[in-house]
Amino acid sequence: MNKQNVLIFKLPELFNILNELKNHLDFAIHLFVEKDKLLEFKKTNTGSYLILTDAENEIKEEKSQLILNKFPDTIHSIIEKININLLKYKYSEQSGILIGNYSIDINSRLIKKNDENLKLTEREIEIILFLQNSNEPQSIENLQKEVWGHNSVLETHTVETHIYRLRKKIFEKFGERSFINSTKLGYTIK
C-alpha cells in the first residue's frame, strides 16, 4: 500500500522535526517553499496527500489542507492531527470510485448505478477493484494470489464461485450481463 504524503509548505522547522521521526510515521513527508513546486508535485504524484501549513501560508484553493494555527504545539498533537486528517481524506476518496457507469463506495460496500444500490461483500469489492486496476485479463491463479493471498494453486473453485455470484447479483439488480467479462486469458471489467 502506498504511503500517504504530507506536503509541508513553508514550515522548514516542522519538517526538520518530523524528518527525524520519519521512520516512525505512517506517512511520507515533503518540504516545499514554493507554491508552484508543491502544485507540480501534486500533479505528478498519484495517491493521497495533505498540505500542512500555517494560516499565513494557506493556499485558498486547496481543500486537502491542515492549517496549524496554534503555536507552540506538541509534536505528538501535530502528528495526531495529521493522521486524523489523512484518515478523513482517505475515507472521502473511497466513497465514490467510478467504474464505467457504476460508482463504488468502499466504506459502505455499495455499488451504485443511477438511483439503484447493491450491497457487496468485502471480497466482492476487492475483486472488482483488482480487476479494474489491472491492465490485462487476470487468471484464476492470479486472483487467488492477489485477492485471496494464496500462493499456490488450490483444488477449489473459490474464484469461479465468487465471480459467478457477483455477476448474478449485478445482473439481478442492474440487468448488466457483461460487467465482468471472461476471456481465454482471464477475467476483466468492461
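Assorted remarks:
- Region 100-111, subset modelled with pLDDT under 90 and surrounded by fewer than 16 Cβ atoms within 10 Å (Cβ to Cβ), residue nearest to residue 66 (Cα to Cα): 107
- Residue, modelled with the lowest pLDDT, within region 44-65, restricted to residues that are under 13 Å from residue 5 (Cα atoms) and not hydroxyl-bearing (Ser, Thr, Tyr): 47
- For residue 91, the conditions (1) touching a helix residue (DSSP H, G or I) at 6+ places or on another chain (Cβ under 7 Å); (2) among the hydroxyl-bearing types (Ser, Thr, Tyr); (3) open to solvent by 60 Å² or more (accessible area, probe 1.4 Å) are fulfilled apart from (1).
- Looking across region 50-97, the residues that are without any contact (Cβ under 8 Å) to a residue 24 or more places away in the chain, within 15 Å of residue 14 (Cβ to Cβ) and β-branched (Val, Ile, Thr) come down to 67, 74.
- Against the conditions (1) in contact with a helix residue (DSSP H, G or I) (Cβ under 8 Å, 6 or more places away or on another chain); (2) open to solvent by 40 Å² or more (accessible area, probe 1.4 Å); (3) outside any strand (DSSP E or B), residue 14 satisfies every one except (2).
- Filter result for residue 114 (without any contact (Cβ under 8 Å) to a residue 40 or more places away in the chain and loosely packed, with under 14 Cβ neighbours inside 10 Å): yes
- Condition check for residue 68: farther than 12 Å from residue 7 by Cα and either hydrophobic (A, V, I, L, M, F, W, C) or in contact with a Cys (Cβ under 9 Å, 6 or more places away or on another chain) (or both): yes
The values are calculated or read from the model by the stated rules, or taken from the named source; none is laboratory data. All figures in this text were calculated on a predicted structure; none of them were measured in a lab. Cβ coordinates were reconstructed from backbone atoms using ideal geometry, including for glycine residues, and neighbour counts include every protein chain displayed. The protein model used for the area step is the full one, side chains on, heavy atoms only, and it has no ligands, DNA or RNA in it. Shrake-Rupley method; radii C 1.70, N 1.55, O 1.52, S 1.80 Å.
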